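J.: Could you have a look at this structure, given as structure tokens, before my questions?
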Amino acid sequence: MSSLPRLSVITPSYNQAAFLEMTLRSVLRQDYPNLEYMVIDGASTDGSVAIIERYASQLAWWVSEQDQGQADAINKGFARATGEIVAWINSDDVYLQGTLQKAVEALQAHPQWVMVHGNMLSIDAHSQVTNEQVFGDWGLDGLMRFQIIGQPTVFMRRKALAKAGFLDAKFNLLLDNQLWLRIAQSGPIGHSPQLWAAARYHPGAKNVAQAAKYGLEAHELDRWMQSQPELADRYWKNVRRIHAGLYCYEAHYLLDGGLPRQALSAYLHGLASHPATALTYWRRIAYILAGVFVNTNNRRERYLEQRKRRYARYQSLLEYLQ
């Protein structure tokens, strides 16, 4: 244990009793010996507290009290974290087995990295795998072009987090993206091609329930980048690519939110801004043009079922949480 750095993991939660225990298990069954795990609950009324109490002896700290939302809850954990490495996992997402060890090893092997992230699965409300999300070595330029990374797979050096500052509560949906932009200004970020986590998509999740709002906040983040002296030169040199990435990011959430016509409009704006950037999303554009998501709950359901079968080979990665 003395050779392994302390790792602080934070779980914010509010009325997520349906998924919370699986999240807790995914952290506590990691077998990482130098773990500091904290759960910050926002005064849930759905039985979440009873679940947390069952695991209290394995937690470094937990609390259930009213807060100002997700950013406030996570920032409470950041303020208490003593680990050299810090991460958070939301109360409906899960780590895959061995992830903490792999993330620490990646940061130890690359001391210049200020944070690292991996690839992740998508799962539904029933913990069925529905997709595989593969990211890359985007770097600061990629992040500015709205090339997203999987938040549940991110592990940060605490020194870099302290330098960048905690989550900005002015952002509700893109609070993680904005933090990555601030951290990436202090050094390179690394990417592992391994699967490290599974993000849950269900009707109550922000990425589903508020899909149409992601674009609005993406425009807010775009304006924020323009206002930052450290980013301004880089922004204006890449403004067309950034705007294309912004519109394609907006289209991604509109399409997943069942709004294909609005998504197509956003993709067309992306093509007008920088065709080469927008055309990297040609498969999703083709889905719309082929009518996969149009008029059609049945066709959409068939498509989702086909995707589940395609990724069923990953289902065994979640068995250790049962």
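J.: To the nearest 20 debye, what is the magnitude of the charge dipole of the chain about its Cα centre, counting +1 on the Cβ of each Lys and Arg and -1 on the Cβ of each Asp and Glu? Each step should come with its number before you reach the end.
T.: Numbers: 33 positive and 29 negative charges, 188 e Å.
In total the dipole reaches around 900 debye.
J.: To make sure I understand the rule: partners must be lysines, Cα under 18 Å from the Cα of K213, and not fewer than 8 residues away in the same chain. Which ones qualify?
T.: Correct list for K213: K170.
J.: Follow-up. Starting from 0.36 nm per residue, how many nanometres of slack lie between L268 and R307 once their C-alpha separation is accounted for?
T.: Stretched fully, the L268-R307 segment lengthens by 11.5 nm.
J.: Using amide H atoms built 1.01 Å from N in the peptide plane, name the residues 5+ places from Q194, or on other chains, whose amide H lies under 5 Å from its own.
T.: Those lying under 5 Å, H to H, from Q194 are N119.
J.: Using r as the Cβ-Cβ distance of R240 and Q194, and R0 as 25 Å, what FRET efficiency do you calculate, to the nearest 0.05? Intermediate values should be presented prior to the final figure.
T.: On the way: r = 33 Å, r/R0 = 1.34.
Taking R0 as 25 Å, the efficiency between R240 and Q194 is 0.15.
J.: Another question, then. Quick one: putting +1 on the C-beta of Lys and Arg, -1 on the C-beta of Asp and Glu, what dipole do you get for the range 210-289 around its Cα centre, in Debye to the nearest 20?
T.: 280 debye
J.: Can I ask one more? Post the alpha-carbon centroid distance, the range 233-266 to the range 1-62, in whole angstrom.
T.: The range 233-266 and the range 1-62 have Cα centres spaced 35 Å from each other.
J.: Anyone know which of N177, N75, N238 comes out most mobile in the 10 Å Cα GNM of the chain?
T.: Maximum fluctuation in the GNM of the chain, among the listed residues, is at N238.
J.: Give me the extension gain from R25 to N172: residue separation times 0.36 nm, minus the current Cα-Cα distance, reported in nm with one decimal. Intermediate results must be reported in sequence, preceding the final value.
T.: On the way: separation 147, 0.36 × 147 = 52.92 nm, distance 2.66 nm.
This chain segment gains 50.3 nm when fully extended.
J.: Between T130, T82, T11, where does the largest GNM mean-square fluctuation fall for the chain, given springs only between Cα atoms within less than 10 Å?
T.: Most flexible of the set in this elastic network: T82.
J.: Once the piece of chain linking A79 and A125 is laid out straight, how much longer is it, given 0.36 nm per residue of separation minus the C-alpha distance between them?
T.: Computed gain between A79 and A125 is 13.4 nm.
J.: Another question, if that's okay. Give me a comma-separated list of calculated 3J(HN,Hα) values for the range 136-148, in order, Karplus coefficients 6.51, -1.76, 1.60 applied at θ = phi - 60°, integers in Hz, x for any Gly or Pro.
T.: x, 7, 5, x, 4, 4, x, 4, 5, 8, 6, 7, 6
J.: Taking a threshold of 30 Å on the Cα-Cα distance, which of the pairs K163/K237; K102/K206; K163/K206; K206/K308; K76/K237; K76/K206 fall above it?
T.: K76/K237
J.: Would you work out which of A18, A109, A79 lies farthest towards the positive end of the dipole of the range 7-202, given +1 charges on the beta-carbon of Lys and Arg and -1 on that of Asp and Glu, about the Cα centre?
T.: Working it through, the farthest residue towards the positive pole turns out to be A109.
J.: Related question: Between L246, L175, L304, which gets the highest mean-square fluctuation from a Gaussian network model of the chain, Cα cutoff 10 Å?
T.: L304
Since every read-out is calculated from the coordinates, none of them should be taken as a lab result. Computed from a prediction, not measured in an experiment: that's the story for all the values here. All Cβ positions, glycine included, derive from the backbone under ideal geometry; neighbour counts span all protein chains shown.
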